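Visitor: For reference, the structure I am asking about is given below.
A short reminder: the numbers here are calculations on the coordinates, not readings from a lab. Given the structure is predicted, the values throughout are model-derived calculations rather than measurements. So basically every Cβ, Gly included, is an ideal-geometry build from the backbone, and we count neighbours across all protein chains shown.
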Amino acid sequence: MSVSSYQVQQTKFQLEHRSGVFAPSAHGRFYAEHIAISATDSVIDIGCGSGILSVYAALQGAQVVATDISAEAVALTQHNGGLNNVAIEGRVGGFFGDYQQQFDVILANLPQEIVPSAHALELGAGAAEIDGGQRGNDLLVELLQLAPQYMHSNSRLILPLHTLSDYQHSLKVAMQIFDVRLIAIGDLAAKDFVKQHLDFYLSFARQGTIRLFEQDENWFTNVYVIELRRKSG
């Protein structure tokens, strides 16, 4: 176990890290920098991991619930809330767990990467933290289809789109269901496993499925942050 300090936008806080629970990544921290939360919001953080989004939202005064398929992640997110003197309600389960209500804000930093089978075998159970399925966006598309029933007319679904998945397909699905607004685009250094399996990923890039590019002899991917609202009318 270790404790690290974070700053999201203008809010400083600490998170404890534990083995087996996904720690905040560069993609997740970029995402966190572009979510807007107010004190009157009800927020759900889906796939909470160590709780960076939950803790940040709760520190803005929002009422926050967190879900994850990992009981250890839910427990750690609640613990990290207490570490920062905020309360976070947690439930173990996929997506919305057993919650039935509508939320003002839905957050979800889901696995969104295409992972070569060799690397998945190396990771074992840990592959679930990053593997988004054959197109890298299986879980995200499922969430897009499920989310409207948990949204009222003013709800916001704020999501990152990672270009190590079929992000264009994700965007097309989102536009069919929601009104979509682009909030931010970031260039992020490709993870080590991408560089170790570069030919695998370049084949997807040549097909236009993912975006992976080289600049100054370094490899990068993108993350898009989008805000979705139920279609009017």
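Visitor: For the range 138-233, what relative contact order do you get, as a whole percent, if you take Cα pairs closer than 8 Å and at least 6 residues apart? Can you show the working numbers first?
Guide: Working: 135 pairs, mean separation 43.7, N = 96.
Reported as a whole number, the value is 46 percent.
Visitor: Separate question: Can you order the peptides 107-115, 144-152, 68-76 by their average number of other Cβ atoms within 10 Å per residue, highest first? The partial results should precede the final answer.
Guide: Values: 107-115: 23.1, 144-152: 15.7, 68-76: 19.6.
Final packing ranking: 107-115, 68-76, 144-152.
Visitor: Give me the percent relative contact order of the chain, please, defined on Cα pairs under 8 angstrom at least 6 residues apart. If you can, show how the numbers build up before the last one.
Guide: Numbers: 484 pairs, mean separation 37.9, N = 233.
Across the chain, relative contact order equals 16 percent.
Visitor: For a quick check: with amide H placed at 1.01 Å from N, whose amide H comes under 5 Å from Trp219's, ignoring anything fewer than 5 positions away on the same chain?
Guide: Those lying under 5 Å, H to H, from Trp219 are Ala190.
Visitor: Looking only at the chain, where both bridge partners belong to it, what percent of the DSSP beta bridges are antiparallel (to the nearest 5)? Before the final figure, lay out the partial values.
Guide: Numbers: 27 of 45 bridges.
The answer is about 60 percent antiparallel.
Visitor: Read through the labelled values [x] 14.9; [y] 21.4; [z] 12.5 and report the label of the one computed as mean projected area of the Cα convex hull in nm² from the structure.
Guide: [z]
Visitor: Distance in nm between label sites at Glu217 and Ser232, each 7 Å beyond Cα in the beta-carbon direction?
Guide: 5.2 nm
Visitor: So, by mean Cβ neighbours within 10 angstrom, what's the order for 90-101, 127-138 with the highest one leading?
Guide: Put in order of decreasing packing, that is 127-138, 90-101.
Visitor: Sticking with this one: Can you compute the FRET efficiency between Gln176 and Ala39 using 1/(1 + (r/R0)^6), with r the Cβ-Cβ distance and R0 = 30 Å? Round to the nearest 0.05.
Guide: On the way: r = 33 Å, r/R0 = 1.10.
For Gln176 and Ala39, the calculated efficiency is 0.35.
Visitor: Quote the FRET efficiency, to the nearest 0.05, computed for Ala87 versus Gln168 with a Förster distance R0 of 41 Å and r equal to the Cβ-Cβ distance. Mind dumping the intermediate values first?
Guide: On the way: r = 39 Å, r/R0 = 0.96.
For R0 = 41 Å, the calculated efficiency reads 0.55.
Visitor: While we're here: Sticking to Cα atoms, compute the Rg of the range 82-176 to one decimal and its Dmax as the biggest Cα-Cα distance, whole number, in Å.
Guide: Cα only, the range 82-176: 15.2, 44 Å (Rg, Dmax).
Visitor: Next question, about the same structure. How far is the Cα center of the range 59-135 from the Cα center of the range 165-208, in Å?
Guide: Between the Cα centres of the range 59-135 and the range 165-208 lies a distance of 20 Å.
Visitor: Pairs of Cα atoms under 8 Å, at least six residues apart: use those to get the relative contact order of the range 1-63, whole percent. Spell out each step's value before the answer.
Guide: Working: 76 pairs, mean separation 20.2, N = 63.
Once divided by the residue count of the range 1-63, the mean separation gives 32 percent.
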